[in-house]
Amino acid sequence: MSSIDKHIDNKDFFVFHIKGNKSKPVFSPQQQQVLANNSLYSLCLIKKGETSFIINDERVQVGQHHLLLTHPSSKVNAGSVAKSWDCEVYLIFFSIDFTFKLELQKDFFDITKKSLALNNSHIFSLSKQDATNLSNLFKQFIHYDRQGGDYLFKPQIIKSLTEVLFCEIARLASQHIKNIPVIPSRKRELLANFYLLLKQSFRREHRVQFYASSLGITPKHLSVITKELTGRSAIALIQNVLMEEAKSLLRQGFPIQEIAKQLHFSDQSFFGKFFKRNIGISPKEFRQNPD
């Protein structure tokens, strides 16, 4: 029997639970197209059996209690998945933007910076206990994700479990990555440092010049790097983080004037114009229909 559970309400975060060995493709053509997005990272936990993927034109075999980490530069062929009859796999795809929506402390990004900067995929062997703990977290996440929209506190539970899941994966990965004698890609290291700085400063600093100067490079160089590695310019990444925070504050009921102040816009009118230019509707209209 084969089953796939997926959380695809958010274009920046996908979870799959794969079981069994049916002959049909693991992912539909539409899902393969989504997962081909070159800005997504992926993490794959093999709970039982073994599976393999084609990554960067090479087939990579992973077995029980292994955790596979890939980066946007690692071209994962979603249609290439091969699995044993007893295979059970948890697989998540996420963008760096998604982590900004979670309540993660600076320490989380400091710990994960090296993994974000590495240029290759990596396979980590976990202890049976660590693998069991991690699979239990996935199981809980999928259980609550299956519940109907009327399930009390469902969004908050999903968000909290996602934060725990990311922290646990970061903890396990950091134990292995610190022992990897690999020199991080200079471009990916700059991108990771940019994201760290952006996480800390986006509410008060909206200019590319600030981030580029802090990193010791020119604004043009920073945008070339972000465009190459994420498909988006530095200003687009800054504005996207600002918009996600603005939408979150609007959903929470903060007054528009207060949101403009928190995000360091000169006034409510300027914030409103910025919001409408990026979203297509005014903050007031968004609040009336936040979905």
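Laid out as a table, the results:
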quantity: Dipole in debye (nearest 20) - region 194-291, about Cα centre, beta carbon charges: Lys, Arg +1; Asp, Glu -1; calculated: 120 debye
quantity: SER248-GLN129 pseudo-label distance in nm [points 7 Å out on the Cα-to-Cβ vector]; calculated: 3.4 nm
quantity: Greater than 23 Å apart at Cα, pairs in LYS75/LYS199; LYS227/LYS273; LYS247/LYS276; LYS159/LYS187; LYS128/LYS159; LYS159/LYS284; calculated: LYS75/LYS199; LYS227/LYS273; LYS159/LYS187; LYS128/LYS159; LYS159/LYS284
quantity: Rg followed by Dmax, in Å, when region 133-291 is reduced to its Cα trace; calculated: 19.1, 52
quantity: Positive dipole terminus of region 213-287, leading residue within LEU237, GLY280, SER213 (C-beta point charges); calculated: GLY280
quantity: Tensor-based shape of region 205-285 (alpha-carbon gyration tensor, a/c under 1.5 rounded, otherwise prolate or oblate); calculated: prolate
quantity: Contour excess over end-to-end distance, with Cα ends at LYS273 and ILE235 and 0.36 nm allotted per residue; calculated: 12.0 nm
quantity: Heavy-atom accessible area ranking, 1.4 Å probe, most first, across VAL224, VAL208; calculated: VAL224, VAL208
quantity: Accessible carbon and sulfur surface of region 127-171 relative to its total accessible area, %, 1.4 Å; calculated: 56 percent
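The values are calculated or read from the model by the stated rules, or taken from the named source; none is laboratory data. Just so we're clear, the structure is a prediction, and the values are computed from it rather than from any experiment. Don't worry about glycine lacking a Cβ; one is built from the backbone with ideal geometry, like all the others, and counts go over all protein chains shown. For the accessible areas, the whole protein counts, side chains as well, though only heavy atoms, and no ligand, DNA or RNA atoms are used. Shrake-Rupley method; radii C 1.70, N 1.55, O 1.52, S 1.80 Å.
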